[in-house]
Structures are given as C-alpha cells and as structure tokens.
Amino acid sequence: MAVDAVVYFRIRDPVLSVTAVENAHRSTQLLAQTTLRNHLGINTLAEILSEREEIAKHLQDSLDNATDPWGVKVRDDESGSQTGSDVMCVVKQ
C-alpha cells in the first residue's frame, strides 16, 4: 500500500531550528514518515479509511510535540490559513 501525506510546519524559533537539530526540514520530514508508518502499521485498511480525521489529528499532535524542542510548529493543514512562512513537506510511504 502506498500512502502520501502533506505536513505543514513553520519555524517558530530560528535559533533552536539550527542549534537543536542538524536539518529541521529533513528531520521533520523523516519524523513524519516514521510516525505515519508506525501509526498506520497498527491499523487495518478499513480503520485507516474510516478514522482519517482522528489519525490526522493524532499525527499532528505527535509531530508538534516531538518537533517543539527543535523550534518547529507543525500546523493543521485543514485550517486553510497557511502563510508565506509555512513550509510544506510531502511524505511518501
């Protein structure tokens, strides 16, 4: 099964984003891939399809908590209020 995801994030603390992690963009992308893989691996296809919103919220919360020490804020892509300072990374599994 192939899964694609989009993660929006912004750098909330530029100093942390370069001192706490080597490459904030790449690290956020890799963390998103790992988190997605781990979460989808414990669910059936039917569960994944029926619980998309809950899975998305859980992934956003997990990623936001994990990237906070890096000065990165993971955003809710449903908000529709992305700004020019937001970064989008595409996650492919």
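All of the numbers you see were taken from the coordinates with simple rules; none came from a lab. Predicted model only: the values in this text are computed from it and were never measured. Because the Cβ atoms are built from the backbone with ideal geometry, glycine has one as well, and the counts that use them run over all protein chains shown.
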ask   = Sorted by mean Cβ packing within 10 Å, highest first, what order do the peptides 46-57, 9-20, 63-74 take?
value = 63-74, 9-20, 46-57
task = Please say if the range 1-45 is rounded, prolate or oblate, where rounded means a/c under 1.5 for a ≥ b ≥ c the square roots of the C-alpha gyration tensor eigenvalues, and otherwise the choice is prolate for a/b larger than b/c and oblate otherwise?
result = prolate
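How long is the gain from Glu47 to Asp61 if the chain were fully straight, where each residue apart is worth 0.36 nm and the alpha carbon distance is subtracted? Walk me through the numbers before you get to the answer.
Numbers: separation 14, 0.36 × 14 = 5.04 nm, distance 1.92 nm.
Result: 3.1 nm gained on full extension.
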query = In sequence order, what are the phi-derived ³J(HN,Hα) couplings for the range 61-67 according to the Karplus relation 6.51 cos²θ - 1.76 cosθ + 1.60 with θ = phi - 60°, rounded to whole Hz, with x for glycine and proline?
reply = 4, 4, 5, 5, 5, 6, 8
inquiry  = List the residues, sorted by chain then number, that are 5 or more residues from Arg12 or on another chain and whose placed amide H is less than 5 Å from its amide H.
reply    = Val72, Lys73
remark   = For the range 21-34, in residue order, the Karplus 3J(HN,Hα) values (coefficients 6.51, -1.76, 1.60; θ = phi - 60°; whole Hz; Gly and Pro = x) are 8, 5, 9, 4, 5, 5, 5, 5, 5, 5, 5, 5, 4, 5
